[in-house]
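Heads up: the structure comes next, in structure tokens.
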Amino acid sequence: MEERNETYLSDWLAHKITDEQLKQLVSAEDFTAFQNIKDTLASFEISNPDLEQNFSAIKQKLAEKKQTKTKVIPLWRYATIAASLLILFGVYHFFIAENKIETGFGNTERITLADNSKVSLNAKSTLSYCNTFEYKRTLELEGEAFFEVEKGSPFTVETSLGDILVLGTKFNVIAIQDFFEVKCYEGKVQVTQKGKSTILTHGESVRFYNGTAENWADESSDKPTWISGESSFKNVPMRYVLEQFKNQYNVEVEFPKTIENIKFTGTFTHKEPTVALQTICLPLHLKFSKDQTGKIIISE
């Protein structure tokens, strides 16, 4: 807008546009300022006017005029703005900000929550919850975790495959790809998957995958074996067993499609990959090797 005003002013001084035309192009305030400039210039006698020099002088006057209009914001307004920003930041941090814990390949982590509940997070898993967890006990899980929940208000674990609701108990959750498994070690849990709920008590488990649902009971342990460095499985399809192996050892595994649904019952260690592969493959009469890139090749 400033550049246009300068153009209108130069055209008006050169008599290319009339007073009435200029009034249509600029504000009344700018027209008055232009008139003052014209009157000032008229008081000088210039036989051979230097238009470029005069125009520069006019631009300088316009700049000075603009500077005199600069508004000064009182200090108290800055303080008010700063206080508002601090309040907004505090509200975001307390009510919206999310805590996220992620584990890498072969790593586990134990977390104590605000209500003193404990969560053991298995390798390549993610746990998320808001700062308001103490008032609304809800978490999101991707991967595998073992929960030891303090009694109190409802405690909910949400996954992409289903939700678990408890009041105070110990349970393990696996939610990897399309494999969803919950085992109750103490107390009682409610597992909801696709709108249907199942109640589990001590030693009971439920598993969903590939459109199927399985229930079984086993009271032989009080916590999952992976916490002690060993993954265990009961009739689990090989593709999920090998996914857990990859999470522990950070290696690529190639295997034929014909074995991905073969059921595996057994364990593998988290300490030595070759020993782990032997305990997975030998019972099923499978072979394994490693190529030059370190990829594990499993074959029949």
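Here, each number is a calculation from the coordinates, and none is a lab measurement. None of these values were measured; they are calculated from a predicted model. Here the Cβ is made from the backbone with ideal geometry for all residues, glycine too, and neighbour counts use every protein chain on show.
Of LYS118/LYS246; LYS194/LYS223; LYS118/LYS196; LYS124/LYS295; LYS257/LYS290, which pairs sit farther than 23 Å apart, going by alpha carbon to alpha carbon? In this structure, LYS118/LYS246; LYS194/LYS223; LYS118/LYS196 exceed 23 Å between Cα atoms.
From the square roots a ≥ b ≥ c of the eigenvalues of the alpha-carbon gyration tensor of segment 229-300, which class results: rounded (a/c under 1.5), prolate (a/b over b/c), or oblate? Write down the numbers at each step before the final one.
Details: a/c = 1.56, a/b = 1.09, b/c = 1.42.
The shape class here is oblate.
Going from the residue with the fewest nearby Cβ atoms within 10 Å to the one with the most, TYR249, TYR129, TYR135 rank TYR135, TYR249, TYR129. Across segment 228-239, rounded Karplus estimates of 3J(HN,Hα) from the backbone phi angles (6.51 cos²θ - 1.76 cosθ + 1.60, θ = phi - 60°) give 9, x, 8, 8, 10, 9, 9, 6, 9, x, 4, 5 Hz, Gly and Pro being marked x.
Evaluating 6.51 cos²θ - 1.76 cosθ + 1.60 at θ = phi - 60° for every residue in segment 100-108, the Karplus couplings come out as 9, 10, 10, 10, x, 4, x, 10, 10 Hz, glycine and proline recorded as x.
Evaluated with a Cβ-only charge set (Lys, Arg +1; Asp, Glu -1), segment 167-300 carries a dipole of roughly 180 debye about its Cα centre, given to the nearest 20.
By other beta-carbon atoms within 10 Å, ranking VAL26, VAL275 with the fewest at the front produces VAL275, VAL26.
Would you list CYS281, CYS130 from fewest to most Cβ contacts within 10 Å?
CYS130, CYS281
Rounded if a/c is under 1.5, else prolate if a/b is larger than b/c, else oblate: which is segment 98-228, with a ≥ b ≥ c the root eigenvalues of its Cα gyration tensor? In terms of gyration-tensor shape, rounded.
Amide H to amide H distances under 5 Å link GLU204 with CYS184, ASP218, where only residues 5 or more positions off or on other chains count and H is placed in the peptide plane.
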